[in-house]
Every structure is written in structure tokens, then in C-alpha cells.
Amino acid sequence: MTKEMQDLSKCAVHTITTKPWSIETAIDKYASMGIGGITVWRDTLTGRDPVLIGQQIKDAGMEAVALVRGGFFTYTSADEQAKAFADNRLAIMEAEAVGAPMVVLVCGAHPGQRLEESRNQIREGIEAVLPHAEAAGVTLAIEPLHPMYADDRSAINTMKSANEMAEYFHSPYVGIAVDVYHLWWDPDLEQEIMRCGKNGNLTAFHVCDWRTPTTDFLLDRGLMGEGCIDIPKIRGWVEKAGFKGFNEVEIFSKTRWEGDQDQWLKEIADAYLKSV
Ligand code: ZN
């Protein structure tokens, strides 16, 4: 066992995982558990000064790992496109303010629009905001989503597709977030993760599990170990590909959000130590 596997210093938690908590509560609770990182969802910053939140994260001894999320670059009108650019510039500014080195991109898709066209629009979108990301020192992390979201969330659905997009830019400020929930089924996953690492594009690793049956394709993600994903195997590939960052726990679960969040966080810590 490596040292990382025995403690939570390389564990980060997405604030959405404990959705009922405010950002202040999440910082306190995660830190008191010994969790090393926090990934900040933008909704938690409403009405807050992100600089102060960033300071609070540091004072608690944690790292801000990423800001979630930017993207949604696809459009059907010039107005929609302009709004998407503006929102992504804002996300980059918020990440910089909170001290997070990365914005995770859910890239976007439109039902009724060819996926190739959506991918062209995503490329245009990243191109447009990349100078802002570079100036802020913030990396844009493309997150490939499971194909069940190809209609309206993302036209980038495999690691291969994400690799192609990131390699087009060839920039230290464009990377990829590998999320086991979206990618576990892909027979080419190992080789595409290796390709990603080799090109210096592997910037994030997200974990949770796939429940059977899944009762809600957005809000019924599983706790690590309660589903069919071989997380240690994928983590092994990611580390072999050179990734040294945080293992980010990202679980949307309506059922868990209805329960006691302190108990939930304890279960997350146990599951992380056993099943990641
Ligand atoms: Zn994710």
C-alpha cells in the first residue's frame, strides 16, 4: 500500500457531493476529516467573494482543485454563442479568484444538431476563451461525458474524442478530466489514457460508481465500491500515465442528499480508503 492509499491527503471532494451544505460548512467538514482537496461548484459561490472563499480553503489546510463548471459552447444563434463565451470568461475569473488551477468543461451539445457540428462549435469556443485561461493561469479541462448525454450535454463522449480535441490545441492550458462514471465501459480506455498522459493532457481524475439498476441517469451515481466500476484498475492506468493529482470524489445522488451529510461524508472517506 502506498502512503496515499492510507490517508485522505490525495482525496478531494466536489461540493456537489454534499449539496445540502454551504461552501463554508463543506470546507470545515472536509478539512476536519483530513480530506486534502475541494472542488468548488459555482452555485456555492453565489453571494460570496471567491477570494475570501479561496483564503478559507487555504486556512483550512486544503487545496482548491478545480472550479466546476464551464463549457456549454454549442449554440444555435450568435447571441447564445456570445453568452457562452462570457460565461466561460467569468468561470475562468472565478477559478483564479478562488485559487483553483482548473475549470472543468462540460462541452455542450444540441439535440437536432449533428455531433460533428457541435464539436466544431466546441473547438471555436475553447479557442475563443483560451487566451483568458492562459492569462489567468487556469487550465481548461475537457471532461468527456457518457454517450447517454450526447443529446444535450456533451458531444465529446469518449477519451479518444477528448484526446483529439486537446491535441488540436497543444496548450498547457487545455487538458482532460477523466471521470470513471463516463468512461469505464470503453474498451480503448487504457490506451487512450496512456495517450493522454504522454501528451501531457491528463489534468484531473474523478471517481464514483455505476449502480445497477441506475434509477436516474443524472442523480443516482453510486458511492465507490457499490457499483460495477473497477476504480483501482482505472486509477492504476491514470497513475501509470503520469497523473499525480487529486482523486476527486464527485457523486450526484438525490437519495444521499436527503440523508445525514455528516454520516455520508464518513461513508465517502471509508469508501475512498477501501475502493479507490
Ligand atoms: Zn466528473
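The values are calculated or read from the model by the stated rules, or taken from the named source; none is laboratory data. As the structure is a prediction and not an experimental result, all values here were calculated from the model. Don't worry about glycine lacking a Cβ; one is built from the backbone with ideal geometry, like all the others, and counts go over all protein chains shown. Note: accessible area is taken over every heavy atom of the protein model, side chains too, but ligands, DNA and RNA are not part of it. Shrake-Rupley method; radii C 1.70, N 1.55, O 1.52, S 1.80 Å.
Quick one: which of K160/K274; K83/K244; K233/K274; K19/K198 span more than 24 angstrom between C-alpha atoms?
Values: K160/K274 30 Å; K83/K244 35 Å; K233/K274 13 Å; K19/K198 35 Å.
K160/K274; K83/K244; K19/K198, as the Cα separations exceed 24 Å there.
When N is the residue count of the range 3-275, what does its C-alpha Rg come to as a fraction of 2.2 N^0.38 Å?
Working: Rg = 17.5 Å, N = 273, 2.2 N^0.38 = 18.5 Å.
Expressed relative to 2.2 N^0.38 Å, the Cα Rg reads 0.94.
So what is the 222 nm mean residue ellipticity for the chain from helices alone, if each DSSP H run of at least 4 adds -39500 (n - 2.57) and you divide by all residues, rounding to the nearest 500 deg cm²/dmol? Each step should come with its number before you reach the end.
On the way: 11 runs with 123 residues, N = 276.
One gets -13500 deg cm²/dmol as the mean residue ellipticity at 222 nm.
Relative contact order for the range 12-146: what percent, with Cα pairs under 8 Å and sequence separation of 6 or more?
Values: 217 pairs, mean separation 30.2, N = 135.
Result for the range 12-146 is 22 percent.
How high is the relative contact order of the range 3-275, given as a whole-number percent (alpha carbon pairs under 8 Å, six or more residues apart)?
On the way: 538 pairs, mean separation 48.9, N = 273.
Contact order relative to length: 18 percent.
If you average over every viewing direction, what projected area does the convex hull of the Cα atoms of the range 113-180 give, in nm²? Working shown, then result.
Working: hull surface 18.0 nm².
Mean projected area for the range 113-180: 4.5 nm², to one decimal.
One quarter of the convex hull surface, Cα atoms only: what value does that give for the range 135-276 in nm²? The partial results should precede the final answer.
Details: hull surface 37.1 nm².
Spelled out: convex hull of the Cα atoms, projected over all directions, averaged, 9.3 nm².
Of N120, N88, N163, which is the most mobile in a GNM of the chain whose springs link Cα atoms less than 10 angstrom apart?
Of N120, N88, N163, the Gaussian network model singles out N120 as fluctuating most.
Between Q56, Q263, Q191, which gets the highest mean-square fluctuation from a Gaussian network model of the chain, Cα cutoff 10 Å?
Q263
What's the carbon and sulfur percent of the range 37-163's accessible surface, probe 1.4 angstrom, rounded to a whole number? Kindly include the intermediate steps, with their values, before the conclusion.
Working: 2670 of 5130 Å².
Exposed carbon and sulfur together represent 52 percent of the surface.
Sorted by accessible area with a 1.4 angstrom probe, largest first, how do F246, F217 fall? Let's see the in-between values first.
Numbers: F246 30, F217 115 Å².
Of F246, F217, the descending order of accessible area is F217, F246.
Of the residues C196, C228, C208, which exhibits the maximal mean-square fluctuation in a Gaussian network model of the chain defined by a 10 Å Cα contact cut-off?
With Cα springs under 10 Å in the chain, the top fluctuation among C196, C228, C208 is at C228.
Using only the Cα atoms, work out Rg/Rh for the range 197-244, with Rh taken as the Kirkwood radius, to two decimals. Please list the in-between numbers first.
Values: Rg = 13.0 Å, Rh = 12.0 Å.
Taking Rg over the Kirkwood Rh, I get 1.08.
Can you grab the distance from the C-alpha centre of the range 149-208 to the C-alpha centre of the range 127-144, Å, no decimals?
Cα centroid of the range 149-208 versus Cα centroid of the range 127-144: 15 Å apart.
Under unit Cβ charges (Lys, Arg +1; Asp, Glu -1), what dipole magnitude, rounded to 20 debye, does the chain have relative to its Cα centre?
Working: 27 positive and 41 negative charges, 83 e Å.
Its charge dipole is roughly 400 debye.
Using only the alpha carbons, work out the radius of gyration and Dmax of the range 1-114 in angstrom.
Rg, Dmax (Cα atoms, Å): 16.2, 53.
Just to be sure I follow: if Rg is taken over the C-alpha atoms of the range 29-79 and Rh is the Kirkwood radius over the same atoms, what is Rg/Rh? List each step's numbers first, then the result.
Numbers: Rg = 14.6 Å, Rh = 12.7 Å.
My calculation puts Rg/Rh at 1.15.
Please list, in order along the range 191-202, the HN-Hα scalar couplings obtained from phi with the Karplus expression 6.51 cos²θ - 1.76 cosθ + 1.60 (θ = phi - 60°), rounded to whole Hz, x for Gly and Pro.
5, 6, 5, 4, 4, 4, x, 4, 8, x, 9, 8
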